[in-house]
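Please read the structure below before turning to the comments.
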Amino acid sequence: LMMKFRQTLIRTGALALVLGLLNGCANTPPSTTAAISNWQTLEQITPGFKGVSIKVETNASTYRINDPIRFQVTSSHPGKLWIVEVNQRDVASVLLPNARMTNNLIRAGVPMTVPDSSWGLDLRASAPAGRSQVVFFVTPPDMTLDDIAQIDNGKISTVAFPSNKAWGLQRVFLNISN
């Protein structure tokens, strides 16, 4: 009888472990294969996405190489603002936070200018000419960009489920000419 109880306990423990792993998988972001571009990855999550509302205004509709670029960002919720650029070569890089602007907290309903005067420099349009996209993520204060999107060597490898309404994103496309 003790042997049967022990086997049942082991099977039950194994089942609990499997169920726990499956439950953990439900919160795991979908992977992005190497064959899918960063642009495609971002396009897959934006249709119908209803998370935190983010409004982004730019200082121009088209930029010439070396023109200064400024954004005014307003979020419906307080949190952290993360800015990722995906350039014409489909390489992703984090623009905010950075070495000059480490505080990426954004307040609800209060416009935030990027870059602001604390950077001590301008964000400028750079070659090559073409279309670039800038993605603005707002997360709750206790989340990081890695909770939403992981970027490794210029590749966005995973993106959080759009069913999670705790965060939001807004994409802005920049046209850069010679």
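The values are calculated or read from the model by the stated rules, or taken from the named source; none is laboratory data. Being a predicted model, the structure only gives us computed values, none of them experimental. Backbone-built Cβ (ideal geometry, glycine too); neighbour counts: all protein chains shown. For the accessible areas, the whole protein counts, side chains as well, though only heavy atoms, and no ligand, DNA or RNA atoms are used. Shrake-Rupley method; radii C 1.70, N 1.55, O 1.52, S 1.80 Å.
Which length gain, in nm to one decimal place, applies between Lys155 and Val94 when the Cα-Cα distance is subtracted from 0.36 nm times their residue separation?
Gain on extension, Lys155 to Val94, equals 20.8 nm.
Through the Karplus equation 6.51 cos²θ - 1.76 cosθ + 1.60, θ set to phi - 60°, convert the phi angles of the stretch 93-100 into ³J(HN,Hα) values in whole Hz; use x for Gly and Pro.
Running phi through 6.51 cos²θ - 1.76 cosθ + 1.60 with θ = phi - 60° gives 9, 8, 8, 9, x, 8, 4, 8 Hz.
To the nearest 10 square angstrom, how much accessible area does Arg124 have with a 1.4 angstrom probe?
Approximately 110 Å² for this residue.
Efficiency by 1/(1 + (r/R0)^6): what FRET value for Ala35 and Asp116, r their Cβ-Cβ distance, R0 = 35 Å, to the nearest 0.05?
0.35
What's the local net charge at Ser93, with K and R +1, D and E -1, over the other residues with C-beta under 12 Å away?
Taking every other residue near Ser93 into account, the sum is -1.
Work out from phi, with θ = phi - 60° and the Karplus expression 6.51 cos²θ - 1.76 cosθ + 1.60, the ³J(HN,Hα) of each residue of the stretch 51-61, listed in order in whole Hz, and give x for Gly and Pro.
Those phi angles translate into x, 4, 7, 10, 10, 10, 10, 10, 7, 7, 9 Hz.
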